[in-house]
Amino acid sequence: MTQIHCAWAPAGDDVYRKYHNEEWGVPERDDRALFEKLTLDGFQAGLSWRTILYKRDNFRKAFDGFDPEKIARYSPKKIDKLMGNAGIIRSKTKIDATIGNAKAYLDVMAARDDGFSGLLWDFVDGSPIVNHWKNYRDAPTQSAQSEALSKELKHLGFKFCGPVIVYAFMQAVGMVNDHEVNCPRHREVQKL
């Protein structure tokens, strides 16, 4: 019998399906990895996730492995280099936001013993919210938790973190399990 996966991850797209099968919805608690995923979700604003996913390795290289300490010190020369990099999304607004977000991230890390991860996971009481959607289109685009987290991130100085972006981020990092109930990953990520 053929396994049914979430319809948004087409079987004919190996990169997208691998992302669905190995990453999306897996609870992530590593501070730097969470910063990377929030940054990429910010770059997605107005675009498809597929576009970002196919450029992710380019982003990692261009943004020094998403090392917030390095990003926070980017010079105008580095910004110009990024603006000339066809392998990423060349948006000055999003690049500037990434630099500001790196500074805000470092402030959070200095202020909290539980780091960036602790801040984020507090908004779901430390455990993933498990939804039971039959079709991914039934999932909301935002929630009370994503609205509250977005508000807090903005208060802390983060940009490109509206409630819709934050909800997509929460899905990606396993704060919310929105795999379709018929998808084998729904049960698998619950066990993680």
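The values are calculated or read from the model by the stated rules, or taken from the named source; none is laboratory data. All figures in this text were calculated on a predicted structure; none of them were measured in a lab. No Cβ is skipped: glycine too gets one built from the backbone with ideal geometry, and neighbour counts run over all protein chains shown.
Going by what's in this entry, would residue 100 be described as of a type outside the set (A, V, I, L, M, F, W, C), touching a residue at least 12 places away in the same chain (Cβ under 8 Å), surrounded by fewer than 22 Cβ atoms within 10 Å (Cβ to Cβ) and on the phi > 0 side of the Ramachandran plot? Show your work before the answer.
Values: of a type outside the set (A, V, I, L, M, F, W, C): yes; touching a residue at least 12 places away in the same chain (Cβ under 8 Å): yes; surrounded by fewer than 22 Cβ atoms within 10 Å (Cβ to Cβ): yes; on the phi > 0 side of the Ramachandran plot: no.
So residue 100 fails the test.
Looking at 25, 46, just one residue is touching a strand residue (DSSP E or B) at 6+ places or on another chain (Cβ under 6 Å) and not hydrophobic (A, V, I, L, M, F, W, C), and that residue is 25. Working only within the stretch 38-48, note down all residues that are buried (at least 17 other Cβ atoms within 10 Å of the Cβ) and farther than 16 Å from residue 106 by Cα. Answer for the stretch 38-48, where residues must be buried (at least 17 other Cβ atoms within 10 Å of the Cβ) and farther than 16 Å from residue 106 by Cα: 40, 41, 42, 43, 44, 45. Every condition in (1) at pLDDT 95 or above; (2) under 19 Å from the mean Cα position of the chain (by Cα); (3) farther than 20 Å from residue 50 by Cα is met by residue 189 except one, and the failing one is (1). Annotation: of all residues in the stretch 14-37 being closer than 23 Å to residue 110 by Cα and of a type in the set (D, E, K, R), the one that is surrounded by the fewest Cβ atoms within 10 Å (Cβ to Cβ) is 30. Checking each residue in the stretch 144-177 for being outside any helix (DSSP H, G or I) and under 26 Å from residue 107 (Cα atoms) picks out 156, 157, 158, 159, 160, 161, 162, 173, 174, 175, 176. For the stretch 120-165, a tally of residues being touching a residue at least 60 places away in the same chain (Cβ under 8 Å) and β-branched (Val, Ile, Thr) returns 2. Please verify whether the stretch 114-131 includes one or more residues that are surrounded by fewer than 20 Cβ atoms within 10 Å (Cβ to Cβ), under 14 Å from the mean Cα position of the chain (by Cα) and part of a loop (DSSP other than H, G, I, E, B). For the stretch 114-131, residues surrounded by fewer than 20 Cβ atoms within 10 Å (Cβ to Cβ), under 14 Å from the mean Cα position of the chain (by Cα) and part of a loop (DSSP other than H, G, I, E, B): absent. If you go through the stretch 75-112 and keep only what is of a type in the set (Lys, Arg) and either in a helix (DSSP H, G or I) or within 20 Å of residue 60 (Cβ to Cβ) (or both), you end up with 77, 78, 81, 90, 92, 94, 103.
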